[in-house]
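Here is the structure we will look at, set down as structure tokens.
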Amino acid sequence: MGKHLTLEIIIQRAKSDKFASIKNLNLWGNDLDDVSVIKELPNLEVLSLSVNKISSLKYFSACPRLTELYLRKNSITDLSEIQHLIPLRQLRVLWLWDNPCAETANYRLIVIRCLPSLVKLDNMEIAEEEKQAAARLAIDLPSGAAKEAAVPGVLGLGPAEDEEERYASKPKEQYVAKRPLMKASAEHSEETRNENILCAVLSLLKELDAKSLELIRRDIDRKLSSKKS
């Protein structure tokens, strides 16, 4: 059983008790399964909750200013949970990699179809071809809450053509500016950058044999020694 996120933990990690002013929060690897208190942070923009035990996305709808949400290696099994992210019109980056829901057929297209403001999903920027394919997709999610999505209207969004037209009317640079987004992502925090690198390294380690692991251990020892000196 995991832990509950509390205001005390948030104060400790954000180094602030002014919740309305907190815009960036890293809670990577805290064994959390209840993050309902996140609704106390209405102005949060970047949130890292990778490597926890979160199973639902319902609480994130209370953070309308979210632009980046990192949720790798959690316990989200039902892809229909993304319906809770639909109100987040400023969301540009979403990581769900290494959750059971990411094994769903047409996972990327379903997420892109439901969250058209995204420009990056997991470790890949969203291509224009993917957006076009997602707009044509007839989605059938395995959850009762999403049965109505078996036709081109997705989770109450309306026909695919209407949704595509609605976002096409927005200034194009808001949704397609890939290079500026990558720059912003790289700058948001050193902790989040380290988290991303660590998750990638840990995922690769299980593929290596004993000889390769020994070489890595030696290299780590050398780097640690150089940092200490």
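If the condition is being in a loop (DSSP other than H, G, I, E, B), open to solvent by 10 Å² or more (accessible area, probe 1.4 Å) and aliphatic (A, V, I, L, M), then segment 45-82 contributes only 51. Only one of the numbered conditions (1) in contact with a helix residue (DSSP H, G or I) (Cβ under 8 Å, 6 or more places away or on another chain); (2) assigned to a helix (DSSP H, G or I); (3) exposed (fewer than 14 other Cβ atoms within 10 Å of the Cβ) is not met by residue 12, and that is (1). Looking at segment 93-118, I want the residues that are more than 21 Å from residue 136 (Cα to Cα) and at pLDDT 95 or above and have a partner that is of a type in the set (Lys, Arg) and outside any loop (DSSP other than H, G, I, E, B) with Cβ atoms under 9 Å, at least 6 apart or on another chain. Which pairs are those? Note: pairs meeting the criteria are 93/120; 94/120; 95/120.
Out of everything in segment 15-35 that is of a type in the set (A, V, I, L, M, F, W, C) and part of a helix (DSSP H, G or I), what residue ends up being nearest to residue 50 (Cα to Cα)? Across segment 15-35, the extreme among qualifying residues is 19.
Restricting attention to segment 83-142, the residues that are on the phi > 0 side of the Ramachandran plot, of a type in the set (D, E, K, R) and open to solvent by 20 Å² or more (accessible area, probe 1.4 Å) add up to 1.
Against the test of being of a type in the set (Ser, Thr, Tyr) and closer than 12 Å to residue 95 by Cα, the options 55, 50 yield a single qualifying residue, 50.
Got a sec? Which of 3, 15, 39 is on the phi > 0 side of the Ramachandran plot and basic (Lys, Arg)?
On the way: 3 fails: on the phi > 0 side of the Ramachandran plot; 39 fails: on the phi > 0 side of the Ramachandran plot.
The unique qualifying residue is 15.
The values are calculated or read from the model by the stated rules, or taken from the named source; none is laboratory data. Just so you know, these numbers come straight off a predicted model, no measurement behind them. Heads up, the Cβs are rebuilt from the backbone with ideal geometry, glycines too, and the neighbour counts pull from every protein chain shown. With ligands, DNA and RNA removed, areas are computed over all heavy atoms of the protein, side chains included. Shrake-Rupley method; radii C 1.70, N 1.55, O 1.52, S 1.80 Å.
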